[in-house]
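K.L.:
Can you read through this structure? Questions will come right after.
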2 protein chains.
Amino acid sequence: MTDRVPVLKIGEILLVSIQIDLEDEMVLDLQEDLSQKIVSAGAKGVVIDISALEIVDSFVGRMLATIASISRMLGAETVVVGMRPAVAMTLVELGLSLQGVRTALNLERGLKLLRRLSTAHSARP
Amino acid sequence: MTDRVPVLKIGEILLVSIQIDLEDEMVLDLQEDLSQKIVSAGAKGVVIDISALEIVDSFVGRMLATIASISRMLGAETVVVGMRPAVAMTLVELGLSLQGVRTALNLERGLKLLRRLSTAHSARP
């Protein structure tokens, strides 16, 4: 059993796979690990896979939004991937729209989206 | 809390991040999910990240070896990445050498190794 969620690196992208219900402290650890790794790796994007999660409540929703905000301030876009259909339906029913969080169907599409965003950014004057 | 370990796909590579102590049934589910996904995705390689694991005992060691054997039969090479130094030391002390399991320091090096292996395979007559 681990106390920290691993942050994996693929080129300029960081990948986090959330598989367990996170306690408050694990969320703080994850935010810290991720921030440090964005800076040290010069990461341009973060992918958070939630395909293992059967339930996404307001706590998890807030965590995703916070991670996206922190990452953006450090120059990295965040994409949440792998959301189950039932989770999407529940989120809408609860009125939790994950504002400010981009989503994609799966990891591959998430990576594509990040590449597109990164190109768009570098094309700016 | 999930009952299954997610199997992520990046091109021809499948990625599994093991973060919790797996029960027998979860191991069987993972082997089944992974086998099916290797076939359906035509995957050439499997990366198993164990950076979250503080302890790798003979049960986990056998699981990694079994996954590597199954994957090989389906045409995919397996690389275990992210092993902690303390885990490596304990494995050697216990005489568990993870026979038949390739390892690499981290995800990026594991992906590189798989690409090299894949090229070597296709270069064969």
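K.L.:
Evaluate segment A:44-58: report whether one residue or more is part of a helix (DSSP H, G or I) and away from chain B (no Cβ under 14 Å).
P.N.:
Let us first name the residues in segment A:44-58 that are part of a helix (DSSP H, G or I), namely A:58.
Right, trim to away from chain B (no Cβ under 14 Å) and you get A:58.
Yes, segment A:44-58 has at least one match.
K.L.:
Give the residues of segment A:93-114 that are of a type in the set (D, E, K, R) and in contact (Cβ under 8 Å) with a residue 24 or more places away in the chain, sorted by residue number. If you could, list the steps in order and put the result at the bottom.
P.N.:
First, the residues of segment A:93-114 that are of a type in the set (D, E, K, R): A:93, A:102, A:108-109, A:112.
Within segment A:93-114, A:R102, A:R109 meet the criteria.
K.L.:
Let me ask something else. For A:S40, are the conditions met, namely being assigned to a loop (DSSP other than H, G, I, E, B), among the polar types (S, T, N, Q) and within 14 Å of chain B (Cβ to nearest Cβ)?
P.N.:
No, not satisfied.
K.L.:
Does at least one position in segment B:63-73 carry a residue that is closer than 21 Å to B:V5 by Cα and of a type in the set (D, E, K, R)?
P.N.:
Kept after step one, since they are closer than 21 Å to B:V5 by Cα, are these residues of segment B:63-73: B:63-72.
Next, only the ones that are of a type in the set (D, E, K, R) stay: B:72.
Yes, because at least one residue in segment B:63-73 is closer than 21 Å to B:V5 by Cα and of a type in the set (D, E, K, R).
K.L.:
Among the residues of segment B:80-114, count how many are surrounded by 12 or more Cβ atoms within 10 Å (Cβ to Cβ) and more than 13 Å from chain A (Cβ to nearest Cβ).
P.N.:
Result for segment B:80-114: 12.
K.L.:
Restrict the check to segment A:19-34 and report whether at least one residue is touching a helix residue (DSSP H, G or I) at 6+ places or on another chain (Cβ under 8 Å), β-branched (V, I, T) and assigned to a helix (DSSP H, G or I).
P.N.:
Checked segment A:19-34: at least one residue is touching a helix residue (DSSP H, G or I) at 6+ places or on another chain (Cβ under 8 Å), β-branched (V, I, T) and assigned to a helix (DSSP H, G or I).
K.L.:
Determine which member of the set A:I70, A:I38 is under 21 Å from B:A52 (Cα atoms) and surrounded by 15 or more Cβ atoms within 10 Å (Cβ to Cβ).
P.N.:
Working: A:I70 fails: under 21 Å from B:A52 (Cα atoms).
Being under 21 Å from B:A52 (Cα atoms) and surrounded by 15 or more Cβ atoms within 10 Å (Cβ to Cβ) holds for just one of A:I70, A:I38, which is A:I38.
Computed from the coordinates by the stated procedures, all read-outs in this text should not be read as laboratory data. Just so you know, these numbers come straight off a predicted model, no measurement behind them. Here Cβ is always computed from backbone atoms with ideal geometry, including for glycine, and neighbour counts include all displayed protein chains.
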